[in-house]
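Q: Take this structure, written in structure tokens, and hold onto it; I'll ask about it next.
The values are calculated or read from the model by the stated rules, or taken from the named source; none is laboratory data. These figures come from a predicted structure and were not determined experimentally. Here the Cβ is made from the backbone with ideal geometry for all residues, glycine too, and neighbour counts use every protein chain on show. Accessible surface is based on the protein model in full, side chains and every heavy atom, while ligands, DNA and RNA are left aside. Shrake-Rupley method; radii C 1.70, N 1.55, O 1.52, S 1.80 Å.
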Amino acid sequence: MVGNLESQTVEGVSGEIIPIPITKNISNDKFIIKNQNGLFKLVSLPFVRQDLLITRHEIDVKVKWVNFGESKITIKDDSKVNLSPSDQTRANREALEIKTALSVSTNEITPSFKFIRPIPGVITSPFGKQRFINGQLRSAHLALDIDGSIGTPIVAPLKGKVVLIGDFFYTGITIILDHGYGLFSSYAHMSEVKVKVGDLIEQSQTIGLVGTTGRSTGPHLHWTVYFDGNKVNPESLIQENYLTSIFKVS
Ligand SMILES: [Zn+2]
């Protein structure tokens with residue numbers, strides 16, 4: 001290993017993906033990006049509530065805290081906030097089903113990271129906002145909410161394989177796409193699904209329609225992106241030349 005790598009500290013922002021310099025192909029991962037500056041592996045940084053130093057692939061990474069703000073929402077149906085034992089059992093079972101779907105990713109697709117928006121519309125809740133539901137502190141909103149009316153077509157923002165379809169307590173009618181190499185995305189509160197588990201979906205193909213199923217305050221798309229084991233900020237991914245832009249950060 002090259003000696004000067006040890007002194008290198010990389011930094012990035014909570015909930016973002018950053019390139020990490022590596023000296024050799026690691027853990028049989030063929031998805032390594034090569035450019036004039038060497039070999040890089042893309043890693044995701046966790047959402048943090050204060051600056052945090054972590055180590056990824058032998059490199060120290062400083063994860064910088066960002067104030068994403070707060071949002072206070074009211075859900076009139078209290079049974080969706082303070083769950084009955086049977087609803088809690090159901091929610092736990094569904095969380096496990098989702099976790100299982102995210103545990104294995106295909107290497108048959110290499111993600112281009114050239115995302116497009118899944119629906120047009122205004123962003124109504126950004127990634128990372130601290131949520132208070134009916135006055136109670138809840139987990140941060142690690143997804144992007146985009147406004148839409150019932151029936152608005154949702155398109156695949158990137159090529160992917162359908163790995164899960166369900167009708168869940170919190171997220172209602174939901175699809176999870178596997179884009180390869182640990183990159184997944186999910187689409188929640190839908191009114192209708194237009195694909196089947198196992199389907200290979202091209203970018204911009206319709207996968208379903210906007211709805212307000214599950215625990216939702218009105219029709220919108222709740223879009224979550226997972227990469228390398230963390231939920232990451234979808235709003236960054238739809239920027240122009242995303243992949244080039246993350247290599248430009250010094
Ligand atoms: Zn949401």
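Q: Give the angle, between 0 and 90 degrees and rounded to the nearest 10, that separates the Cα long axis of helix 85-101 from the longest principal axis of the Cα atoms of the chain.
A: 30 degrees
Q: What are the ³J(HN,Hα) values, in whole Hz, obtained from phi via the Karplus relation 6.51 cos²θ - 1.76 cosθ + 1.60 with θ = phi - 60°, for each residue of the stretch 181-189 in sequence order, with x given for Gly and Pro?
A: 6, x, 9, 10, 9, 10, 10, 10, 6
Q: Computed over the Cα atoms, what is the radius of gyration of the stretch 168-220 divided by 2.2 N^0.38 Å, N being its residue count?
A: Working: Rg = 11.5 Å, N = 53, 2.2 N^0.38 = 9.9 Å.
Against the empirical 2.2 N^0.38 Å value, I get 1.16 for the stretch 168-220.
Q: Non-local amide H neighbours of Lys159 (under 5 Å, H modeled in plane, Pro and chain starts lacking H): which ones?
A: Sorted by chain and number, the residues that satisfy this are Gln203.
Q: What is the mean projected area of the alpha carbon convex hull for the stretch 53-163, to one decimal in square nanometres? Let's see the in-between values first.
A: Numbers: hull surface 42.2 nm².
For the Cα atoms of the stretch 53-163, the hull's average projected area reads 10.5 nm².
Q: Please compute one quarter of the surface area of the Cα convex hull for the stretch 120-195 and express it in square nanometres.
A: Numbers: hull surface 24.0 nm².
Answer in nm², one decimal: 6.0.
Q: One quarter of the convex hull surface, Cα atoms only: what value does that give for the stretch 32-77 in nm²? Before the final figure, lay out the partial values.
A: Details: hull surface 23.7 nm².
If I average the Cα hull's projected area over directions, I get 5.9 nm².
Q: Note down the nm distance, to one decimal, between modelled labels 7 Å out along Cα→Cβ at Ser79 and at Asn107.
A: 4.8 nm
Q: When the Karplus curve 6.51 cos²θ - 1.76 cosθ + 1.60 is applied with θ = phi - 60°, which whole-Hz ³J(HN,Hα) does each residue of the stretch 198-203 get, with x for Gly and Pro?
A: Those phi angles translate into x, 5, 9, 10, 7, 4 Hz.
Q: Val13's amide H: which non-local residues (gap 5+, or another chain) put their own amide H closer than 5 Å, with H modeled 1.01 Å from N in plane and none for Pro or chain starts?
A: For Val13, the qualifying residues are Lys64.
Q: Measuring from centroid to centroid over Cα atoms, what is the spacing of the stretch 41-94 and the stretch 136-190 in Å?
A: Between the Cα centres of the stretch 41-94 and the stretch 136-190 lies a distance of 16 Å.
Q: Additional query: Skipping prolines and chain starts, which residues have an amide H placed within reach, meaning under 5 Å, of the one on Leu39, given they are 5 or more residues away or on another chain?
A: Amide H neighbours of Leu39: Ile22.
Q: Give the lysines reachable from Lys76 as a straight Cα distance under 24 Å; neighbours fewer than 8 places away on the same chain don't count.
A: Lys129
Q: Which number comes out as Rg/Rh for the stretch 157-250 once both Rg and the Kirkwood Rh are worked out on C-alpha atoms? Walk me through the numbers on the way to the answer.
A: Working: Rg = 14.0 Å, Rh = 14.0 Å.
Result for the stretch 157-250 is an Rg/Rh of 1.00.
Q: May I pose another question? Based on the alpha-carbon gyration tensor of the stretch 196-250 and its eigenvalue square roots a ≥ b ≥ c, which shape applies: rounded if a/c is under 1.5, prolate if not and a/b is larger than b/c, or oblate? Write down the numbers at each step before the final one.
A: Numbers: a/c = 2.17, a/b = 1.60, b/c = 1.36.
It is prolate, given that a/c is not under 1.5 and a/b is the larger ratio.
Q: Further question on the same structure: Binning at 5 Å from 0, report for the chain what percent of all alpha-carbon pair distances ends up in each bin.
A: Spelled out per bin, shortest first, that is 1, 6, 12, 17, 19, 17, 12, 8, 5, 2, 1, 0.
Q: Same structure again: Using the Karplus curve 6.51 cos²θ - 1.76 cosθ + 1.60 with θ = phi - 60°, what ³J(HN,Hα) values do you get for each residue of the stretch 224-241, in whole Hz, with x for Gly and Pro?
A: 10, 10, 10, 8, 6, x, 10, 7, 10, 6, x, 5, 5, 5, 8, 5, 4, 6
Q: Shifting gears a bit: What 222 nm value per residue comes from the helices of the chain, counting each DSSP H run with n ≥ 4 as -39,500 (n - 2.57) and dividing by all residues, nearest 500 deg cm²/dmol? Before the final figure, lay out the partial values.
A: Values: 3 runs with 28 residues, N = 250.
It lands at -3000 deg cm²/dmol.
Q: Another question, then. If packing is taken as the average count of other Cβ atoms within 10 Å, what order do 110-120, 60-70, 38-48 fall into, highest mean first?
A: Working: 110-120: 17.1, 60-70: 14.7, 38-48: 19.0.
Most protected by this proxy first, the peptides run 38-48, 110-120, 60-70.
Q: Run the numbers on the chain and let me know its relative contact order in percent, using alpha-carbon pairs under 8 Å that are six or more apart. Walk me through the numbers before you get to the answer.
A: Details: 579 pairs, mean separation 48.5, N = 250.
Dividing the mean separation by the residue count of the chain yields 19 percent.
Q: At a 1.4 Å probe, what is the % contribution of carbon and sulfur to the accessible area of the stretch 143-246?
A: Working: 1730 of 3650 Å².
The computed percentage sits at 47.
Q: Next question. I'd like to compare 153-159, 90-96, 174-180, 134-140: which one has the highest average count of other Cβ atoms within 10 Å, and what's the full order after that? Working shown, then result.
A: Values: 153-159: 21.3, 90-96: 13.3, 174-180: 24.1, 134-140: 11.3.
Going by the mean number of other Cβ atoms within 10 Å, highest first, we get 174-180, 153-159, 90-96, 134-140.
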